[in-house]
Each structure stands twice: as C-alpha cells, then as structure tokens.
1. Just name the residue that is farthest from the chain's Cα centre (by Cα) out of those in region 96-110 that are closer than 21 Å to Ile134 by Cβ and either hydroxyl-bearing (Ser, Thr, Tyr) or assigned to a loop (DSSP other than H, G, I, E, B) (or both).
2. Restricting the search to region 141-176, which residues are part of a loop (DSSP other than H, G, I, E, B) and among the β-branched types (Val, Ile, Thr)?
3. Looking at the structure I just gave you, is Asn40 farther than 25 Å from Ser74 by Cβ and either more than 18 Å from the chain's Cα centre (by Cα) or aliphatic (A, V, I, L, M) (or both)?
4. What do you reckon, is Ser113 of a type outside the set (D, E, K, R), assigned by TED's automatic domain parsing to the domain that holds Thr45 and in a helix (DSSP H, G or I)?
5. Asn40 passes all but one of (1) modelled with pLDDT of 95 or more; (2) out of contact with any Lys or Arg (no Cβ under 8 Å at 6 or more places or on another chain); which number fails?
6. Among the residues of region 50-58, is there at least one that is under 25 Å from Tyr235 (Cβ atoms), among the aliphatic types (A, V, I, L, M) and either surrounded by fewer than 23 Cβ atoms within 10 Å (Cβ to Cβ) or in contact (Cβ under 8 Å) with a residue 12 or more places away in the chain (or both)?
Amino acid sequence: MPMVAVSGKGVIKDYNSFRAVDNIDFEIFKGECYGFLGPNGAGKTSVMRMIHCFMLPTAGEIKVFGLDVTKEPSRIKSRLGVMPQEDNLDVDLSVLENLIVYARYFDIPKKISRPHAMQLLELIGLNDKANVNITKLSGGMKRRLLLARALINNPELLILDEPTVGLDPHSRHLVWESLKKLKSKGMTLILTTHYMEEAQMICDHVAIMDSGKIIVIDTPANLMKIYGGNLEDVYLKLTGRHLES
C-alpha cells in the first residue's frame, strides 16, 4: 500500500463571503505527480497555498507527512519546495546568487549550497547562465530558475503553481522534462495547471476542479478512456463548458 504524503478532508476556504474551496477530499501518495486541474478561479491555487502552509483552511483538515498544517507549519515547510506562479526572483543578483542566497533561509552554508546550486542549474539547463544577471533571462529561463530555487533544500515534496504559465512550447517541454527527472528519483510532485496536455504528460492522478469543488479524481488514462478524447474534452463533458471560459 503506497504511503500517503498529503491528505485533505472536508477542506473549505472562504474569503469573507466568497467560498473559494468547497468541502473537498483528496489523497496524494508519496512518489507520484498529482495535478489539480481547472480554469483560473477554480480554487486550485487556494488548495496549494493551504498545503504549503501559506494560509489556513477555514474548515476541514489538511495533513502533510501526517502533520496538521494548522498545528505544525514550521516542520512541514522545512520539508517542502515551492515554485510560485509569480516571478519573485531577486533582480539585483545573478542566477547562481539567487540560489545561494535563498539557501540561507534553510541555514544551508555556502560551501554546501554553491555546488548543489550548480547541480540544479545543470538539471534545468542553465549552468552556462550561472553568472548572468536575472534581468538578462527570458521568461522561460526564469521559470526554470524558480524550479531550481524550489529544490535548493532537497525537499521531499515539490509544489508547483502553474509551473509553465505563459511559456512558449519549447520552454514548456524543458520544464516538463525536468519534472519527469525529479519524479523518476522518487520525489512527490503536486501541481496546478490549466494546460491539460501538461497533466497528460506528467501526472499520475488528477483532480479536476470547477467553482471550488472537485468534480472527479482519477488517472488521466482512465478519464480519457471513460469519457473519450483528451483531458480537455473530458473537462468539457464534465462541466459543460470550455476550459478557457
């Protein structure tokens, strides 16, 4: 029986009178890639922020490695890597310096963080950009650097919020290949996306969300077998509307 890395039971998140996440349940197993799929406003990012202890659920329970997010957030955060949707890299630093400085938040000394950072830059194909200032990078390069930064503390669980948003197809595939390598090494990945091709490529299980609710949880292959077509077709059949709407 696979080990549960993250679980949610009856999870609700309200912003004043607006219910962003509406009583959802989920289980994410160690070593898998799990995707929360749906359009903007579906509740995906709110779920991710509760998992990595950025904000608390209004009701219900979320556990990460068996630890309650409301009671032991510090212990959880030390074991996570988070790749945010927004670009929050330090524009005053070089590519390599961004990783080394970030490592200080985890009390990782420079003699350890520097060689590790170079290994991560090789993983994402930016080792030749180590001494380049952030402002000289393309959007795709910045997304890949955010991925490397999320890995600087050797996390057991990697959380990725729209990891390839706004990228051209070539850059998107480079990120996918990096994620596949991490999954092959046994890392647990959780991502949000509205790119159904992305989920088909790398996710073991997906939870399709709409209006704060989880409509269905299954493997991409099973969903496509049951409903026909690709995952975007599945979404249309389940919700009655196109993903972009």
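1. To start, the set of residues in region 96-110 that are closer than 21 Å to Ile134 by Cβ comprises 96-106, 108, 110.
Still in the running and either hydroxyl-bearing (Ser, Thr, Tyr) or assigned to a loop (DSSP other than H, G, I, E, B) (or both): 102, 105, 108.
Values: Tyr102: 18, Tyr105: 20, Ile108: 23 Å.
Checked region 96-110; the qualifying residue farthest from the chain's Cα centre (by Cα) is Ile108.
2. Matches in region 141-176: Ile152, Thr164, Val165.
3. Working: farther than 25 Å from Ser74 by Cβ: yes; either more than 18 Å from the chain's Cα centre (by Cα) or aliphatic (A, V, I, L, M) (or both): no.
When the stated conditions are applied, Asn40 does not pass them.
4. No.
5. Of (1) modelled with pLDDT of 95 or more; (2) out of contact with any Lys or Arg (no Cβ under 8 Å at 6 or more places or on another chain), only one is false for Asn40: (1).
6. Yes, there is a match, as at least one residue in region 50-58 is under 25 Å from Tyr235 (Cβ atoms), among the aliphatic types (A, V, I, L, M) and either surrounded by fewer than 23 Cβ atoms within 10 Å (Cβ to Cβ) or in contact (Cβ under 8 Å) with a residue 12 or more places away in the chain (or both).
Here is a yes/no grid of residues against (1) within 16 Å of Leu80 (Cβ to Cβ); (2) within 15 Å of the chain's Cα centre (by Cα); (3) at pLDDT 90 or above:
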site: Asn127; (1), (2), (3): no, no, yes
site: Lys142; (1), (2), (3): no, no, yes
site: Leu157; (1), (2), (3): yes, yes, yes
site: His173; (1), (2), (3): no, no, no
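Residue by residue, here is whether (1) touching a strand residue (DSSP E or B) at 6+ places or on another chain (Cβ under 7 Å); (2) within 15 Å of Thr164 (Cβ to Cβ); (3) crowded, with 18+ Cβ neighbours inside 10 Å; (4) in the same structural domain as Gly8 (by TED's automatic domain parsing) holds:
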| position | (1), (2), (3), (4) |
| --- | --- |
| Ser184 | no, no, no, yes |
| Met187 | yes, no, yes, yes |
| Glu197 | no, yes, no, yes |
| Asp210 | no, no, yes, yes |
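The values are calculated or read from the model by the stated rules, or taken from the named source; none is laboratory data. Please read all numbers here as calculations on a predicted model, not as lab measurements. In this analysis, Cβ positions are derived from the backbone assuming ideal geometry, glycine residues included, and neighbour counts consider all displayed protein chains.
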